[in-house]
Amino acid sequence: MAKNFKCWPDGWPQTLNYPPVPVFKLMDQTAARVPDRLAIIFGGMELTYSELKNLCDRFANALVSLGVGKGDMVAIHLPNCPQFAIAYYGTLKTGAAFTPVSPLLSSKEVEHQLNDSGAKVFISLDLLYPGVAEAVAKTSVKNVITTSIADCYNAIIQPLKPLGKYPAVGTLDMAELLAKYLPDPLEVEIDVEKDLAHLAYTGGTTGVSKGVMLTHRNVLCNVLQFACWFAGAQLGREEDGTFGPVYPPGVDPKTDRIAAPDAETLLVVVPWFHAMGTVAYLNNPIYGGTTMVVFPRFDPVEYITAIGKYKATSLGGAPQLYVPLVNLPNFKDYDLSSIKMAGSGAAPLPVPVLNQLEESFSGIILEAYGLTEVSMGATSNPPIKGSTKAGSVGLPIFDTEVIIANPATGAELPLGEEGEVCIKGPQVMQGYWNRPEATADVLKDGWLRTGDIGRMDEDGFLFITDRIKDLIIYKGYNVYPRQLEEVLYDHPAVENAAVVGKKDPDVGELPIAFIQLRAGMKATEQEIIEFTNSRVAAYKKLRGIVFVGEIPVSGAGKVLKRELRKQLD
């Protein structure tokens, strides 16, 4: 079925002219265009675009001195902070690929990712590194670089920001490397079609974390797809190789669009180690010359106060960002008038929360949809007031096709029927790192089988209705039941186990385990929870146990999880 343009925004191009350049050019050209514009505000620290580029170039040269180059992997194990952005672009400038390591992972999970990716350098926070140092020592990592939040504050500010540096024995200090190396530009030939920019890890139906291979072209296309979607513009190129938005005649981006170049301020709390964070909340604003007010963690009062303090024009994240905001006792007393756009992704936004937001924001609430395997995003509601559909994740964006297929046969289903969501576009991954069979399972003739169930309406809007995978989304993070179940099976008293999600208005879904004990064995709920939760990342922790005499299974021996979910309703 041909792509449905029935509700395509007026004046928006139907395809884009993507430039054949590496991802770091997004920052380089912004630094050249608006060198003195603020790029990052972090606590009391401010960095202009020219200063950010200078630091990225310095770090790139530091990495080269450590033997990093094309084909290598550099792991970044940091929360949101200026050093993350510096390490990210510095890595790409060497020709190496970036693999984000979530600070939420357990040491065992960190060890798996580093060994699987073959990372050569590991960049971590001084506070986090001691917890994973033993795991890192068991991997192929040759150099560890550590940094500190305290490095972001000078001596005058220290009394107001009483943070100290923590010694990380046997590691290189990032601040010292930045001071040692000059910001000389590197000359590295990058094949944007073949060379990897990201190796982002995602879980699978088996619970085994897999590396998603994304080239520079994959990532750049996805950044520009969303940038041009918000801008309602085509991409034009200049003789010097730079590129940017070209608007229809008579369009003033400052008054006619929700995002104008070099004019916006974005609150960033979405983790940059998450696919949504790297593409939508780092690269996208960098390309647009946006000032990013960056938070390492989410505090509802601090976050909502920052809207008025910095006159923020946009914000976004998973639904769990908005739930605590709208539940603040004095939510309606805050000045939110500067907000033009609030984005939501990673999980369905509850309609009641959407309604509360629309009552408080004068801007547009945009739901979108994607996954790591498409770099970040594939669909979005139109960025025009009155053109969105509540409950929908929007239209397939530029050069992106979405079909609904029969999960068993792969055949496209008639309009309105529910089936597996399949995606084709320039942002679709190359495959899973060193896993050709897993790649073949999900990539068919350029179409990505997402494992999500949805339907398309007559206007071309996509609705996500269920998941083929028994994926649990907790606070926007993916929790894979099979991974928890395998840990549970290691407990000597557990005969059978099944983990399902229990709907929760505050966090999305809570992982709950149904346990069938071995005959003659005993175990308490607390004992099993402690056993399991000590072996997984914090966001994957079990939140409850239900003991049952027998786990229900089908005639084929498959656990009937729908029956278990009914018991939690």
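Provide the per-residue ³J(HN,Hα) series for segment 560-569, in order, calculated from phi with Karplus coefficients 6.51, -1.76, 1.60 and θ = phi - 60°, each as a whole number of Hz, with x at glycine and proline positions.
8, 5, 4, 5, 5, 4, 4, 5, 9, 5
Got the relative contact order for the chain handy, in percent, Cα pairs under 8 Å and 6 or more residues apart? Each step should come with its number before you reach the end.
Numbers: 1189 pairs, mean separation 72.1, N = 569.
Computed value for the chain: 13 percent relative contact order.
Against the globular-protein guess of 2.2 N^0.38 Å, express the Cα radius of gyration of segment 472-568 as a ratio, rounded to two decimals.
1.03
I need the shape label for segment 183-260. Rule: rounded when a/c is under 1.5, else prolate if a/b > b/c, else oblate, with a, b, c from the alpha carbon gyration tensor.
Numbers: a/c = 3.22, a/b = 1.52, b/c = 2.11.
Note, shape of segment 183-260 comes out oblate.
What number, in percent, do you get for the relative contact order of segment 407-545 if the mean sequence gap of Cα pairs under 8 Å and at least 6 apart is divided by its residue count?
17
Take the chain, mark every one of the GluC sites (Glu not before Pro) that falls in a DSSP loop and has at most 14 other Cβ within 10 Å, then report the longest stretch left between them, sites excluded.
Counting only loop sites that pass the neighbour cut-off, the longest clear stretch is 1-186.
At 20 °C and 1.002 mPa s, grab the translational diffusion coefficient of segment 484-535 from Stokes-Einstein with a Kirkwood Rh over Cα pairs, rounded to a whole number in µm² per second.
184
How about LYS424: which lysines have a C-alpha closer than 17 Å to its C-alpha, ignoring those fewer than 8 places off in the same chain?
LYS424 reaches LYS3, LYS444.
Counting each DSSP H run of 4 or more residues in the chain as -39500 (n - 2.57), what helix-only mean residue ellipticity at 222 nm follows after dividing by all residues, to the nearest 500 deg cm²/dmol?
Value at 222 nm, helices only: -7500 deg cm²/dmol.
What's the local net charge at ALA233, with K and R +1, D and E -1, over the other residues with C-beta under 11 Å away?
It works out to a net charge of 0.
In Å, what is the Rg of the alpha-carbon atoms in the chain, and how long is Dmax?
For the chain, the Cα-based Rg and Dmax read 23.4, 78 Å.
Quote to one decimal, in nm, the extra length available between THR465 and LYS503 on full extension: 0.36 nm per residue of separation minus the C-alpha distance between them.
Contour length minus Cα-Cα distance gives 12.2 nm.
Treating cross-link reach as a plain straight distance, find the lysines whose alpha-carbon is under 30 Å from the alpha-carbon of LYS142, omitting any fewer than eight places away in the same chain.
Of all the lysines, those that pass the test against LYS142 - Cα under 30 Å, at least 8 places apart if same chain - are LYS25, LYS53, LYS70, LYS93, LYS108, LYS120, LYS165, LYS180, LYS194, LYS210, LYS540.
Looking at the chain, send over the antiparallel percent of its DSSP beta bridges, to the nearest 5.
60
Which order, highest average first, do 288-296, 17-25 follow once you tally other Cβ atoms within 10 Å for each residue and take the mean per peptide?
Ranked from most to least packed, the peptides come out as 288-296, 17-25.
Test of the criteria: in segment 285-367, which trypsin sites (Lys or Arg not before Pro) are in a DSSP loop and have at most 14 other Cβ atoms within 10 angstrom of their Cβ?
Those that pass, being in a loop and sparsely packed, are ARG297, LYS311.
Calculate, in nm to one decimal, what ILE157 and GLU134 gain on full extension: separation in residues at 0.36 nm each, minus their alpha carbon distance.
Working it through step by step, the gained length comes to 4.8 nm.
Give me, ordered by chain and number, the residues 5 or more places off VAL546 or on other chains with an amide H under 5 Å from its own placed amide H.
ALA513, PHE514, ILE515
Cα to Cα, under 16 Å, and not fewer than 8 places away if on the same chain: which aspartates and glutamates meet these conditions relative to LYS522?
Output for LYS522: ASP490, GLU495, GLU530, GLU550.
Please list, by residue number, every one of the trypsin sites (Lys or Arg not before Pro) in segment 189-260 that is coil in DSSP and has at most 12 other beta-carbon atoms within 10 Å.
Sites meeting the loop and neighbour criteria: LYS194.
Bear in mind these aren't lab numbers, they're just calculated from the coordinates by the rules spelled out. Predicted, not measured: the structure shown is a model, and the values here were computed from it. Cβ sites come from the backbone with ideal geometry, for glycine too, and all protein chains shown count toward neighbours.
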